[in-house]
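Below: one structure, written as structure tokens.
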Amino acid sequence: MNNDLFGFEINVWADAAARLGLIVGLMTVVVMGLIYGERKIIARFQQRLGPTRTGPAGLLQSVADALKLVAKEDVRPRSADPWVFELAPYFVFVPIFLMFVAIPFALRWEIRVLELGLFYVLAVSSVNIVGWVMAGWGSDNRYAMLGALRAAAQAISYELPLVMSLISVGIVADSFNLTEIVRSQGQVPNIVWQPLPFFLFFVAILAELNRTPFDIPVGESEVVGGPFVEYSGIRWSMFFLAEYAALFILALLGAAVFLGGWAWPLGEEWGLGWQLVLTALKAGALIFAVFWVRVTMPRLRIDQLMAFSWKVLLPISFVQVLANGLVLVYEPPQHIANILLAAVSGAGLLLVVWIMNHSVGKPRPRPVLSPRAATAPTATRSEAAR
Amino acid sequence: MTTVPFPHEHEFETQDLMINMGPQHPSTHGVFRMVLQVDGEVVRDVVPYIGYMHRGGEKLAETMDFRQGIGWMDRTEYLAQHNAELSYVMAVEALAELEVPERAQWIRMILCELNRLSSHFMFTGAFGTDAGIFGTAFVYSFREREVILDLFEEISGDRLMYAYFRPGGLAWDVPDNFARRVAEVLKSTRQGIKDMDGLLTENEIFRARTVDIGKISAADAIDWGCTGPVLRASGVPLDLRRTEPYLYYDQLDFDIITGTNGDVYDRFVVRVEEMRQSVRIIEQCMERLRPGPILPDRLPRMLRTPPGEVYLRTEAPRGEYGIYMVSRGGNRPHRLKIRSSCFANLQALRDMTIGSYVADAVVILGSLDIVLCEVDR
Amino acid sequence: MRGLLKSMGVTLAVFARKPVTREYPDTHRPLPERDRAFPLLLWDHDLDEPFCTGCHACERACPVECMTVLMKDNPNHRTQGGDSTRRKIVDKFWIDYARCMRCNICVEVCNFDAIAMNNTWQGHETSVYDRADLIQDLPQLLAEHKAGAIKPWVPQ
Amino acid sequence: MTQDDAAAQDAEALAATIWTQVDRALSGVSARPEPSVRDLIVHIPPDELVRGLRALKHDAALAFDYLRCLTCVDNEDDGMDVVYHLYSIAGRYNLTVKTQLPPDNLAVDSATGVWRAADWYEREAQEMFGVRFRGHPDPRNLLMPEEITDSFPLRKDHPLAEIEVLQGEGVAYSEEPA
């Protein structure tokens, strides 16, 4: 129990409350920043300017949005199931914040160091799907229902590759404690030895976060926002808050597990400020990648999404876990083990790419340009008539 | 027609879900409504409903003289206004036997092809959104469309409802810097086509979503009366610019694009390649453009036509845009029928959609590139 | 995978380009001189009276019947002791901007070049709270050109 | 000008050849040609219409497999014309088929069995002109609300909606000088 955040010992409960308060406050600010950042970055990807009119360079846009959402009427359809409808946002919102308990920002900068931190994060993160299904069911709207069922199918499918990818990293790091995992990659981050799990992790968080190409549950052009279609005002903003908080947390998790967290490449001795900067940079890079994928990719179809998870990602991730176990159970010297891990993982990544290429097929040759003779003009018409 | 194997059929009782898509739905391109009967995610039946935009445009055009009617044609086809106006004024010219000066014809061709570019950009953008890209394709295509619309505004004075063609020629001449401006627009357009092509055409996810979806065979497409890129994607090389050349299309060198598979992907690629051909056509037109009059020497103040009838069709971006004009003499048509290209394409929607997924229904509808104002008139 | 990477490359290349956004209410793009907003009446600065004689040509040619014109004898005509050559002059003129479809036909049919399309931003930014406010009467229609605020473009 | 004359001659020759072909294909159907500005018009009486259309579509030499457009023309006291614009994709020629319906019997057999494309066109003509297409598989209204079945907006006797023309206070049309 490291209840000495503020430099002196206080009551454990008071300490926990202080930490939680800090986190919730920070989270709200971070989410607002993320929304602003996403709008600006996506705007640049689309050669636009993004928000410019609220505050200097549009900085206050998120604040304005938040105020508007809070002030908006909280509408509930008459035919909705009142309890399920009203409670659903909390079921989405609370688990995301619970994930935060085990996420480390810097050395000794987390709410609680849990021995099974990774396990805890995964366990809690899968609860929020209940909220999604509740929202879809409670809204009494067919789009919402369709979206909620899609969300449930998708979340369950992609939970498994996510778990498997993190377990394989846990095996390599010899711990499920996030601080330990970061410490174990002081020299070389895990992404080098385990590129396949990183790929799996990235794909799975895209699906967990419902971002393109996996935004099927909320697909604007199909189910018009899916489970949120009937929500407005503060409840809708809770869904949104949860979504961006999850983005932030999963990016931090990815930074810690795969990119070396605060340790690599500076090492643990550097000050708290540097550690925070490193974490922020790595998480920021992941978030940028998510945004980048979002502006580029079309949406997959539900059957393609499921097939990709169950037929490609999941078997491969099992193989990765088994391979890691096999390599490490014989306890070869460190460098040989590392090279073996990297080789297996790299081969797996290439296999996934190969499967992706071959499942879609080669680009079809460009359409034929009909030669002039085949599309003969008027003069030959009378001939043809004869 | 795609058929999706459905292994657990009849294993247990399921109930089909009726989903009412539209008239206010982000991907119905206006106020189209279709009622989908879905079994899980698979579409079992689809019933399209149109008519939310019906304004009686044909009846109104019968009350307007030949100059006033031009403004109405813009409003039936708000993405290819020049092409719509062209059909109308050419029908009047055919009835009144007007000679159109050469310069006016070349300018008409340039504007129609530019309009085809702007319309196809609109398609690629909207189609990207239907396929699920977060606005990127849309913004890229609007960026290019904006450049073209700016040029149209400099020429005709309006960004959308040009009312620029007149029976016998054009309302007024193009500005002096026309050649330079067209060159600028084409430069930007080429980059835009390249962006759009690079963003979508080869993208694996895009291909997974579009290849072999919404297939329609050549025979079916002909039977349903499909036109334009939808028909050509099925492999029928029917393009009125080549089969029944009007204006000076017979003097130019360009290719007719036909697909091989008749699926959504082919309809997309056919349009992208058509944009390249349009650029070619405009370049050739600019070489042949000479100074001269833009209206015939003797044009009556109030145009009257002898009795007669004509069905005049031109190749608009979405296919054959026909004007069936019956005149009983006088300064207005006795009957004006607008043969809308989207109307014909939309008929085939049901055939294409049944058996596909809900998400595919959206993509198939997007690939038809409907303009509801034109469907309902 | 190659296609995905190509797409990502395209978006990244665009990321480096300059944004094309026009910050509309803050900066107004210069309008071409042919821009057509809504029709306006022109003011004869030499004789200090409108060009319009109230001849109803535009009213009859208007496809949407958005105009109403009344004419009167010109009090400023030579026979009345004035210096104008116009025997008749516009008395009242209304244009319903809510109905006008900006087709430019009124400008084309005018024999006196007395009507032109507004080609300034003021002509486009005409939102009001009541549709009745969009019915413009003669002083309103003449005000812009009388004050010298527009340079009309009339096709030949 | 010579080029135009040549084109006109060519068009006439084309119309003549098409008519020979059509006349052969329509043996047993009383058809009558009429020249027009663009395409040859063939008149077929309503009771033989679908037989004639089917013959035109399935004739090996003509093969009018593409229905461009189907519409009605209201001739007021002379009844209605139903007009079919046909196109042959293989042969690249056009034909307009017309049938005149007497005002007291505005009904004709449906062409949906010949071209599926006729489906929506016939529905539209039916609601807009009140021409009944016998044997149409789905004769609901297409563009108008389904409950309106007694009003035919595109007929000549259907009034235009009144639009209020006058603006400004105290203005009446009687003040308009003649």
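Would you call A:Lys311 more than 30 Å from A:Arg108 (Cα to Cα) and away from chain B (no Cβ under 11 Å)? It is true that A:Lys311 is more than 30 Å from A:Arg108 (Cα to Cα) and away from chain B (no Cβ under 11 Å). Taking helices (runs of 4 or more DSSP H) as the structural unit, those lying wholly within the stretch A:186-256 and holding at least 2 residues that are at pLDDT 85 or above, surrounded by fewer than 23 Cβ atoms within 10 Å (Cβ to Cβ) and in the same structural domain as A:Gly117 (by TED's automatic domain parsing) correspond to A:195-208. Within the stretch D:84-100, the set of residues being without any contact (Cβ under 8 Å) to a residue 40 or more places away in the chain and in contact with a Cys (Cβ under 8 Å, 6 or more places away or on another chain) comprises just one member, D:Tyr84. Can you confirm whether the stretch B:177-192 contains a residue that is more than 10 Å from every other protein chain (Cβ to nearest Cβ), part of a loop (DSSP other than H, G, I, E, B) and more than 20 Å from B:Ile281 (Cα to Cα)? No, because not a single residue in the stretch B:177-192 is more than 10 Å from every other protein chain (Cβ to nearest Cβ), part of a loop (DSSP other than H, G, I, E, B) and more than 20 Å from B:Ile281 (Cα to Cα).
Looking at B:Arg280, B:Arg267, B:Arg271, can you tell me which residue is touching a residue at least 40 places away in the same chain (Cβ under 8 Å) and within 18 Å of B:Leu186 (Cα to Cα)?
Details: B:Arg280 fails: touching a residue at least 40 places away in the same chain (Cβ under 8 Å); B:Arg267 fails: within 18 Å of B:Leu186 (Cα to Cα).
It is B:Arg271.
Of the strands (runs of 3 or more DSSP E) lying entirely inside the stretch D:77-124, those containing at least 2 residues that are of a type in the set (Ser, Thr, Tyr) and under 13 Å from the mean Cα position of the chain (by Cα) are D:93-101.
Here B:Glu154 fits the description: over 30 Å from B:Leu95 (Cα atoms), of a type in the set (Asp, Glu), at the interface with another protein chain (Cβ under 7 Å from one of its Cβ atoms) and surrounded by fewer than 24 Cβ atoms within 10 Å (Cβ to Cβ).
The set of residues from the stretch A:264-300 being farther than 30 Å from B:Gly128 by Cα, of a type in the set (Phe, Trp, Tyr) and assigned to a helix (DSSP H, G or I) comprises just one member, A:Trp274. Do the conditions hold for D:Arg68, that is, is it facing chain B (nearest Cβ under 10 Å) and either out of contact with any helix residue (DSSP H, G or I) (no Cβ under 7 Å at 6 or more places or on another chain) or part of a helix (DSSP H, G or I) (or both)? Spelling it out, D:Arg68 is indeed facing chain B (nearest Cβ under 10 Å) and either out of contact with any helix residue (DSSP H, G or I) (no Cβ under 7 Å at 6 or more places or on another chain) or part of a helix (DSSP H, G or I) (or both). Scanning the stretch A:331-353 for residues that are within 14 Å of chain B (Cβ to nearest Cβ) and surrounded by 15 or more Cβ atoms within 10 Å (Cβ to Cβ) turns up at least one hit.
Close Cβ contacts (under 8 Å, 6 or more residues apart or on different chains) running from residues in the stretch A:335-347 that are more than 13 Å from A:Val319 (Cα to Cα) to residues that are assigned to a helix (DSSP H, G or I) and at pLDDT below 85 comprise A:Ala337/A:Val327; A:Ala337/A:Leu328; A:Asn338/A:Trp193; A:Leu340/A:Val327; A:Ala342/A:Val192; A:Ala342/A:Trp193. Scanning the stretch B:226-275 for residues that are assigned to a helix (DSSP H, G or I), within 9 Å of another protein chain (Cβ to nearest Cβ) and among the charged types (D, E, K, R) gives B:Arg232, B:Arg242, B:Asp250, B:Asp266, B:Glu273.
Of everything listed in (1) more than 14 Å from chain A (Cβ to nearest Cβ); (2) of a type outside the set (A, V, I, L, M); (3) outside any loop (DSSP other than H, G, I, E, B), the single unmet condition for B:Ser141 is (1). Where strands (runs of 3 or more DSSP E) fall wholly inside the stretch C:1-115, the ranges with 2 or more residues that are of a type outside the set (A, V, I, L, M) and either more than 14 Å from chain B (Cβ to nearest Cβ) or touching a Cys at 6+ places or on another chain (Cβ under 7 Å) (or both) are C:67-73, C:88-96. On inspection, D:Arg116 fails the criterion of being free of Cβ contacts under 8 Å to residues at least 24 places away in the same chain, on the phi > 0 side of the Ramachandran plot and at the interface with chain B (Cβ under 8 Å from one of its Cβ atoms).
Criterion first (over 28 Å from B:Ile222 (Cβ atoms), among the basic types (Lys, Arg) and surrounded by fewer than 22 Cβ atoms within 10 Å (Cβ to Cβ)) does D:Arg140 satisfy it? Answer is no for this residue.
Go through the stretch C:129-146 and give me each residue that's of a type in the set (A, V, I, L, M, F, W, C) and either touching a Phe, Trp or Tyr at 6+ places or on another chain (Cβ under 9 Å) or surrounded by 11 or more Cβ atoms within 10 Å (Cβ to Cβ) (or both). Within the stretch C:129-146, C:Leu134, C:Ile135, C:Leu138, C:Leu141, C:Leu142, C:Ala143 meet the criteria.
For (1) more than 13 Å from the chain's Cα centre (by Cα); (2) of a type outside the set (Lys, Arg); (3) more than 27 Å from D:Lys156 (Cα to Cα); (4) surrounded by fewer than 20 Cβ atoms within 10 Å (Cβ to Cβ), each residue gets a yes or a no:
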position: B:Arg267; (1), (2), (3), (4): no, no, yes, no
position: B:Met275; (1), (2), (3), (4): no, yes, yes, no
position: B:Ile282; (1), (2), (3), (4): yes, yes, yes, no
position: B:Leu289; (1), (2), (3), (4): yes, yes, yes, yes
position: B:Gly319; (1), (2), (3), (4): no, yes, yes, no
position: B:Val326; (1), (2), (3), (4): yes, yes, no, no
position: B:His334; (1), (2), (3), (4): yes, yes, no, yes
position: B:Lys337; (1), (2), (3), (4): yes, no, no, no
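Checked against the criterion of being under 30 Å from D:Ala13 (Cα atoms) and at pLDDT 85 or above, the candidates D:Ser110, D:Ser88 yield just one match: D:Ser88. Pairs are defined by a Cβ separation below 7 Å, a sequence spacing of at least 6 or placement on different chains, a first member in the stretch D:101-112 that is free of Cβ contacts under 8 Å to residues at least 60 places away in the same chain and surrounded by 18 or more Cβ atoms within 10 Å (Cβ to Cβ), and a second member that is assigned to a strand (DSSP E or B) and aliphatic (A, V, I, L, M); the pairs so defined are D:Leu101/D:Met80; D:Leu101/D:Val82; D:Leu101/D:Val108; D:Leu106/D:Met80.
Within the stretch B:161-172, residues that are touching a residue at least 12 places away in the same chain (Cβ under 8 Å) have Cβ atoms under 6 Å from residues that are polar (S, T, N, Q) in these pairs: B:Tyr162/B:Gln81; B:Tyr162/B:Ser156; B:Tyr164/B:Ser156, counting only partners at least 6 apart in sequence or on another chain. Of the residues A:Phe91, A:Phe100, the single one that is at pLDDT below 85 and crowded, with 17+ Cβ neighbours inside 10 Å is A:Phe100.
Taken as a whole, the structure places B:Arg313 among residues that are crowded, with 24+ Cβ neighbours inside 10 Å and within 19 Å of the chain's Cα centre (by Cα).
The values are calculated or read from the model by the stated rules, or taken from the named source; none is laboratory data. It should be emphasised that the depicted structure is a prediction, and the values quoted were computed from it without experimental measurement. Note: ideal-geometry Cβ built from the backbone for every residue, glycine included; neighbour counts use all protein chains shown.
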